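Read the figures in this text as sums done on the coordinates, not as results from a lab. This structure is a prediction, so every number in the text was calculated from the model and none was measured. Every residue, glycine as well, gets a Cβ built from its backbone with ideal geometry; the counts of neighbours run over all protein chains shown.
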Amino acid sequence: MAAFIADYYKDIETYPVRSQVEPGYLHRLLPDSAPHFPEPLTTILDDVRNDILPGLTHWQSPNFFAYFQANASNPGILDEMLCAALNVVGFNWISSPAATELETLVMDWMAKFLRLPREFTFASGGGGVIHGSTCEAVVCTMAAARDAASARIGFEGITRLVIYASDQTHFTFQKASKLVGIPPANFRMITTSARSEHALPPESVHAAMDEDLARGLVPLYICATVGTTAVGAVDPLAPLGELAREYGTWARHNLMDHIRSDVEMAEQFERMVGTDEKFEVVATRRFALVCFRLRPKKRGSCEMNRKLLEAVNASGRAFMTQAVVEGKYVLRMAIGATLTEERHVLEAWKVIQEMADGIISEEDQ
Ligand SMILES: Cc1ncc(COP(=O)(O)O)c(C=O)c1O
C-alpha cells in the first residue's frame, strides 16, 4: 500500500488534474453487489488504479489551482495512518486520555502560534476543540451564540435572532444559520463592492443592526472572513470586532493559512496576466488568489471566459474554478498545492494563453 501511494505521488503529474469521467461511470465498472469472497490486495489495488484513479480530481497535483488547496501533507498522511492503526476514539477523557490531553495542548500551541490573547488558551480559562472542517466549526459557534442569547431572551426568542455576513461570505454560513434554527429572513447579506475591495463595510453592518434593534430583533452574530472564497477579500476585523463587542454579538474569524512562496508565485502570475493585454486582473490580488478574465471590451465576455475555463480544465493540464464578481465571470487561480513550483504556474499560464488564442481565433472565423 505504501508503495502504491509512493508511485501515485511519483506519477501525479501524468494524471489529468480534473477528472475526465462522465457521471455514472463507476456503476458501469463495478458489480451491483459486494463480492462474496475476499480478494488479494494486489487485485484490489489494480481496481483502484484502473477504476478509481480516473474518477478522482487530483487535489494533490501541483497543477491544481482550484478552490483552496493545501489540506494534506506528508506528516498529516502518516499521522492519519497512525491514528487509524491505534484506533484512537476520544469522545471523553477516559476513552483515550492522551487524545483529549494532546488536543488541549495543541489548541494552546495554536493560540500562541497565532498570537491570540491569553484568554483564548485553556491555561487561562479559554480553550476550544479541533474541528474537521470550517462548516462544523461555524455550526458549533453559531449554536453556542444562539444558546447564550436564548439564556438571556428565552428560547422562544430564536425567531428574533439576526446574523450578519457579506455577499462574499461562504454559503456554508447561510446553511449553518438554517441548521441552528435562525429564520432565513433573519440572515442579512450585506452588499460589498470593488470600492471597498469586497470587504464587509462596518458602517453597513452598523446600520443594519440599528434597523434590526428598532424592529425588536436581536443582533446575534457577525461573520468576518480573512480570505473570502471568490476573491480573497479581507473583512476589517478590528472595527467589526468593536461592533460585535458594542452590540454583544459573536464574531468569527476565518484565518486562511498562506504560504509565502504561494503568495510570491501568485504575484508572479498576476504580473504575467498584467503583461498580456487580452487579459485583465479583476479584483485586487489577496494572498495567493488571482482573479482574472479575458477583457470584455476587446475580446472577452462571460461566455468566452466560461469556454476558456472549460478548455483549460478539459485539457487535464491545470484545474481552476470560477466566481461571479459583480456580474463578471472570472477565473480563479488559487495557488496552494503542496507540490506546486514556479514551473507549474508558468505551465498553467501557457495553457491558459494557448486555450485563449484558440477560442479567440474560433470567434474570429
Ligand atoms: C472562506 C471559506 N469558508 C468556508 C469554507 C468551507 O470550508 P470547509 O470545507 O472546511 O467546511 C471555504 C471552502 O473553501 C471557504 O473558502
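Sketch the reach of a paramagnetic label on Leu213 as a point 7 Å from Cα along Cα-to-Cβ, and name the residues of region 134-167 whose backbone nitrogen lies under 15 Å away.
Under 15 Å, as judged by backbone N against the label point of Leu213, lie 162 of region 134-167.
Can you run phi through the Karplus equation (6.51, -1.76, 1.60; θ = phi - 60°) for region 237-248 and list ³J(HN,Hα) in whole Hz, with x for Gly and Pro?
These are the phi-based 3J(HN,Hα) values: 5, 4, x, 5, x, 4, 4, 4, 5, 4, 9, x Hz.
Tally Lys/Arg at +1 and Asp/Glu at -1 over every other residue whose Cβ is under 15 Å from the Cβ of Gly127; what's the total?
-2
If you take the beta carbon distance between Ala314 and Ala144 as r and set R0 to 45 Å, what does 1/(1 + (r/R0)^6) give as a FRET efficiency, to the nearest 0.05?
The pair Ala314/Ala144 has a calculated efficiency of 0.50.
With a cut-off of 8 Å between alpha carbons and a minimum separation of six or more residues, what is the relative contact order of the chain in percent? Provide the component values of the computation, followed by the final result.
Details: 518 pairs, mean separation 68.2, N = 365.
Relative contact order comes out at 19 percent.
Over region 128-282, calculate the relative contact order: mean separation of alpha carbon pairs under 8 Å at least 6 apart, over the residue count, as a percent.
Value for region 128-282: 20 percent.
From the C-alpha gyration tensor of region 139-255, pull out the three semi-axes of the equivalent ellipsoid (sqrt of 5λ each), sorted largest to smallest, in whole Å.
Largest first, region 139-255 gives 22, 15, 12 Å.
Could you rank the peptides 82-92, 344-354, 43-53 by their average count of other C-beta atoms within 10 Å per residue, with the highest value first?
Numbers: 82-92: 10.5, 344-354: 18.8, 43-53: 13.1.
In descending order of packing, they fall as 344-354, 43-53, 82-92.
Rounded if a/c is under 1.5, else prolate if a/b beats b/c, else oblate: with a ≥ b ≥ c from the C-alpha gyration tensor eigenvalues square-rooted, which is the chain?
Working: a/c = 1.88, a/b = 1.17, b/c = 1.61.
Oblate is the answer for the chain, as a/c is 1.5 or above yet b/c matches or exceeds a/b.
Label 7 Å along Cα→Cβ of Glu341; region 4-32 residues with amide nitrogen under 16 Å?
9-14
Sorting check: for 35-42, 244-251, 148-155, which peptide has the highest mean count of neighbouring beta carbons within 10 Å, and how do the rest follow?
Values: 35-42: 7.8, 244-251: 16.2, 148-155: 12.5.
Final packing ranking: 244-251, 148-155, 35-42.
Provide Rg and Dmax in Å for region 260-364, with only Cα atoms included in the calculation.
Cα-based Rg and Dmax for region 260-364 come out at 12.8, 41 Å.
Under a Cβ-only charge scheme (Lys and Arg +1, Asp and Glu -1), can you give me the dipole magnitude of the chain about the Cα centre, in debye to the nearest 20?
Numbers: 34 positive and 46 negative charges, 190 e Å.
Computed charge dipole of the chain: roughly 920 debye.
Along Cα→Cβ, 7 Å out, is where each label goes; now give me the distance between the ones at Asp357 and Thr100 in nm to one decimal.
So the label points at Asp357 and Thr100 sit 6.4 nm apart.
What are the extents of the Cα atoms of region 73-130 along their three principal axes, in Å, largest first?
For region 73-130, the Cα extents along the three principal axes come out at 36, 30, 12 Å.
Does anything in region 313-330 have its amide N under 12 Å from the 7 Å Cα→Cβ label point of Asp167, and if so which residues?
324-328
Between Ala318, Ala185, Ala266, which gets the highest mean-square fluctuation from a Gaussian network model of the chain, Cα cutoff 10 Å?
Fluctuation is largest for Ala185.
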